[in-house]
1. State which residue is farthest from residue 119 (Cα to Cα) when the search covers only region 139-188 and only residues that are modelled with pLDDT of 85 or more and among the β-branched types (Val, Ile, Thr).
2. Would you confirm, using the coordinates I've provided, whether residue 126 is among the hydrophobic types (A, V, I, L, M, F, W, C), surrounded by 14 or more Cβ atoms within 10 Å (Cβ to Cβ) and within 16 Å of the chain's Cα centre (by Cα)?
3. Of all residues being surrounded by fewer than 18 Cβ atoms within 10 Å (Cβ to Cβ) and more than 21 Å from residue 178 (Cα to Cα) in region 42-67, which is farthest from the chain's Cα centre (by Cα)? Just the residue, please.
4. In region 161-183, is there at least one residue being touching a strand residue (DSSP E or B) at 6+ places or on another chain (Cβ under 9 Å), surrounded by fewer than 17 Cβ atoms within 10 Å (Cβ to Cβ) and under 27 Å from residue 42 (Cβ atoms)?
5. For region 15-68, give me the residue count where each residue is in contact (Cβ under 8 Å) with a residue 40 or more places away in the chain and of a type in the set (Val, Ile, Thr).
6. Take residue 109 and decide whether it is on the phi < 0 side of the Ramachandran plot, in contact with a Leu (Cβ under 7 Å, 6 or more places away or on another chain) and in a helix (DSSP H, G or I).
7. Yes or no: residue 86 touching a His at 6+ places or on another chain (Cβ under 9 Å) and surrounded by fewer than 19 Cβ atoms within 10 Å (Cβ to Cβ)?
Amino acid sequence: MQWKGGKTAISAGSHPAMLLWSAIAVGLFILLMVKEPSAVTEGVPTRKRRIFAFVIDFWFSLLTLSAVGAIIPLLLEAVRTGHFTWYFQRDYSTDTDGLAAFLSLVFMAMMVLYFAFPLTRGRQTVGYFILRLKLTPPFGTEGRFTLKAALIRTYYAFTGGITVFRNWDRDGQGRTWYDRKTNSTVVFVNDD
């Protein structure tokens, strides 16, 4: 949706293959929430490994949620017009556009929860699983974050990700400023 100079441009689209991807991705995420992560730590992960894990997680969550999120405006448009298409574009606004915009914000919040929810379960995100990393809470490797602490950690991690190139000071345990702020540690794990 774009409003500029009193003009409106609205478009949405998806593809059945993206919905299949989303179903597989959600299944993988659920599997990781059930699987017990390894408790054997092997040391401090490198900066590159942590950045790459974040990039994997960011794109994984974005692709998964945007594919599902695009269906909502498509369905609203199908109800309005009487037929479903995988893509539409129009240059005028309707009553359902506000609902579609609100639901887009809901999907953005779900992206934040993608990062926070695993912390409340003591589990790894997809990127952390692939690169064999685990975020440990202040009270041990087997603990879980509260939802509030997980959301705060997610906020600081996003802020840290934005400042990664100018402020990546690490202490002797390899903890960044946002690790120290949330009293947590990212460790490299052995998944044997």
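The values are calculated or read from the model by the stated rules, or taken from the named source; none is laboratory data. Please read these numbers as outputs of a predicted model, since none were measured by experiment. We place every Cβ from the backbone using ideal geometry, glycine too, and count neighbours over all the protein chains shown.
1. So the residue we want is 187.
2. Details: among the hydrophobic types (A, V, I, L, M, F, W, C): yes; surrounded by 14 or more Cβ atoms within 10 Å (Cβ to Cβ): yes; within 16 Å of the chain's Cα centre (by Cα): yes.
Criteria met by residue 126.
3. My answer is 42.
4. Checked against the condition, which is being touching a strand residue (DSSP E or B) at 6+ places or on another chain (Cβ under 9 Å), surrounded by fewer than 17 Cβ atoms within 10 Å (Cβ to Cβ) and under 27 Å from residue 42 (Cβ atoms), region 161-183 yields at least one hit.
5. Result for region 15-68: 8.
6. Details: on the phi < 0 side of the Ramachandran plot: yes; in contact with a Leu (Cβ under 7 Å, 6 or more places away or on another chain): no; in a helix (DSSP H, G or I): yes.
So residue 109 does not fit the description; no.
7. Against the criterion (touching a His at 6+ places or on another chain (Cβ under 9 Å) and surrounded by fewer than 19 Cβ atoms within 10 Å (Cβ to Cβ)), residue 86 qualifies.
This table checks each residue for (1) of a type in the set (Asp, Glu); (2) within 21 Å of residue 189 (Cβ to Cβ); (3) assigned to a loop (DSSP other than H, G, I, E, B).
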| residue | (1), (2), (3) |
| --- | --- |
| 114 | no, yes, no |
| 117 | no, yes, no |
| 120 | no, yes, no |
| 124 | no, yes, yes |
| 143 | no, yes, yes |
| 153 | no, yes, no |
| 158 | no, no, no |
